[in-house]
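Asks: Okay, here's the structure, questions in a sec.
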Amino acid sequence: MRFTKDHEWVRLEGDVATVGITKHAAEALGDVVFVETPEAGKIVGQGDGFAVVESVKAASDVYAPVAGEVIEGNAVLAATPETVNADPEGEGWFGKIKVSDAAQVEALMDRAAYDAFVATL
């Protein structure tokens, strides 16, 4: 699993990256009440707006940590957005991207680097 400074995580399996927000981000947002997941077929660049998450505190964009084509949005989140709070780094994923450049994933922070980054906030 790799992480961005915007608190997204990526899990790469073959050429498909599953993307979500970190536990830190989910806790900072508070109770998630709405999620807009990406549509299959959407082409995203690294850093592009990818999804939207709304909580009782704020609405936030979720940014694509890698470039590629969205192949699936997590439809479960439309009916149960609270899944993001319950399991942000597992079942609360937002979308899956067919990665165009796997090197982008490798350039992201690993868990130790991300934890160190969060400790500075």
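Read-outs throughout are calculated quantities, based only on the coordinates presented, and are distinct from any laboratory measurement. Model, not experiment: these values are computed from the prediction. Positions of Cβ are generated from backbone atoms using ideal geometry, with glycine treated the same way; all protein chains shown enter the neighbour counts.
Asks: Could you tell me the distance between the Cα centroids of the range 34-55 and the range 84-115, to the nearest Å?
Replies: What the calculation gives is 14 Å, centre to centre.
Asks: Highest first, please rank the peptides 70-77, 91-98 by the mean number of other Cβ atoms sitting within 10 Å of their residues. The partial results should precede the final answer.
Replies: Details: 70-77: 18.0, 91-98: 22.2.
Top of the packing list down: 91-98, 70-77.
Asks: Quick one: Kirkwood hydrodynamic radius for the range 1-59, alpha-carbon pairs, angstrom, one decimal?
Replies: Mean inverse Cα-Cα distance, inverted, gives 12.6 Å.
Asks: Pairs of alpha-carbon atoms within less than 8 angstrom and 6+ residues apart define the contacts here; what relative contact order does the range 30-121 have, in percent?
Replies: 28
Asks: Taking the Cβ of M1 as the centre, find all other residues whose Cβ is under 13 Å away and add up their charges (Lys, Arg: +1; Asp, Glu: -1). Before the final figure, lay out the partial values.
Replies: Values: positive: R2, R11, K23, R111; negative: E8, E13, E89, E106, D110, D115.
Within the 13 Å Cβ shell, the charges total -2.
Asks: Moving to a separate point now. Taking the Cα centre of the range 2-100 as the origin and placing charges on Cβ (Lys, Arg +1; Asp, Glu -1), which of V62, T4, A28 is farthest toward the positive end of the dipole?
Replies: Farthest along the dipole direction, towards plus: T4.
Asks: Here's something else I'd like to know. Report the normalised scattering of the chain as log10 I(q)/I(0) at q = 0.17, 0.18, 0.20, 0.23 Å⁻¹, calculated by the Debye formula with identical scatterers on the alpha carbons.
Replies: Scattering profile of the chain, log10 relative to I(0): -0.76, -0.86, -1.06, -1.37.
Asks: Among residues other than V56 whose Cβ falls under 15 Å from its Cβ, what is the net charge (Lys/Arg +1, Asp/Glu -1)? Write down the numbers at each step before the final one.
Replies: On the way: positive: K57; negative: E27, D31, E54, E82.
My count for the surroundings of V56 gives -3.
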